[in-house]
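The structure under discussion appears below in the form of structure tokens.
The values are calculated or read from the model by the stated rules, or taken from the named source; none is laboratory data. Just so it is clear, the structure is predicted and the values come from calculations on it, not from any experiment. No Cβ is skipped: glycine too gets one built from the backbone with ideal geometry, and neighbour counts run over all protein chains shown.
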Amino acid sequence: MLCSLGDFIFEIGGVEFEKLNRSLKFNFAKRDRIGNNPTYQAIKGYEESFSLEGKLIAKSNSSLKKLEDIAKKKEPIRLTLGSGESLMVIIESINEARSMFLKDGHYVKNDFKVQLKAYYD
């Protein structure tokens with residue numbers, strides 16, 4: 001298992017991802033000053049976000065359907081990485097880019113990106 005997102009499993013040989021990105025955003029308030037450079041003040045905590053990127057080649061056209069169904073519930077779910085790290089996240093977006101179409105309209109290649117944000121209650 002590469003990771004799980006709720007009941008959805010990313011694994012080698014199934015739906016797998018090529019890249020996992022993690023980002024931390026720190027929040028500051030900017031105050032402009034007359035005749036001087038601006039100053040910054042730290043406010044609130046920080047935001048942690050993740051993105052999973054991959055491509056499905058010659059897989060079922062409905063491979064990401066279960067993930068879409070989970071995302072449409074708009075509820076926090078558990079992200080568990082293969083390394084054992086685990087945290088609650090929300091699915092912010094799922095992007096797909098389909099290409100290499102066949103005569104019957106089916107596609108061979110499906111690039112996807114799943115945007116996640118850490119959820120703290």
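Based on what the data block shows, is LYS25 on the phi < 0 side of the Ramachandran plot, among the basic types (Lys, Arg), out of contact with any His (no Cβ under 8 Å at 6 or more places or on another chain) and at pLDDT 90 or above? Lay out the reasoning, then the answer.
Working: on the phi < 0 side of the Ramachandran plot: yes; among the basic types (Lys, Arg): yes; out of contact with any His (no Cβ under 8 Å at 6 or more places or on another chain): yes; at pLDDT 90 or above: yes.
Answer is yes for this residue.
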* Can you confirm whether segment 47-62 contains a residue that is farther than 20 Å from LEU5 by Cβ and in a strand (DSSP E or B)? => yes
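Among the residues of segment 56-106, write down those that are among the basic types (Lys, Arg) and touching a residue at least 60 places away in the same chain (Cβ under 8 Å). I'd like the intermediate steps shown before the answer.
Initially, segment 56-106 is screened for residues among the basic types (Lys, Arg), giving 59, 65-66, 72-74, 78, 98, 103.
Correct list: ARG78 only.
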* To do: Assess whether ILE77 counts as being more than 16 Å from GLU11 (Cα to Cα), out of contact with any Pro (no Cβ under 6 Å at 6 or more places or on another chain) and at pLDDT 95 or above.
  => yes
* Asked: Among the listed residues ALA42, ALA58, ALA97, which satisfies the condition of being at positive phi and among the hydrophobic types (A, V, I, L, M, F, W, C)?
  -> ALA58
* Asked: Residues in segment 65-121 that are under 30 Å from GLY45 (Cα atoms) and not in a strand (DSSP E or B): how many?
  -> 16
* Can you name every residue in segment 21-55 that is farther than 22 Å from GLU75 by Cβ and of a type in the set (A, V, I, L, M)? -> LEU24, ALA29, ILE34, ALA42, ILE43
* Asked: Does segment 42-52 contain at least one residue that is surrounded by 10 or more Cβ atoms within 10 Å (Cβ to Cβ), among the β-branched types (Val, Ile, Thr), more than 13 Å from the chain's Cα centre (by Cα) and modelled with pLDDT under 95?
  -> no
* Do we find a residue being of a type outside the set (Ser, Thr, Tyr) and on the phi > 0 side of the Ramachandran plot anywhere in segment 70-83? -> yes
* To do: For segment 32-55, indicate whether the set of residues that are touching a residue at least 60 places away in the same chain (Cβ under 8 Å), within 24 Å of ASP121 (Cβ to Cβ) and among the basic types (Lys, Arg) is non-empty.
  => no
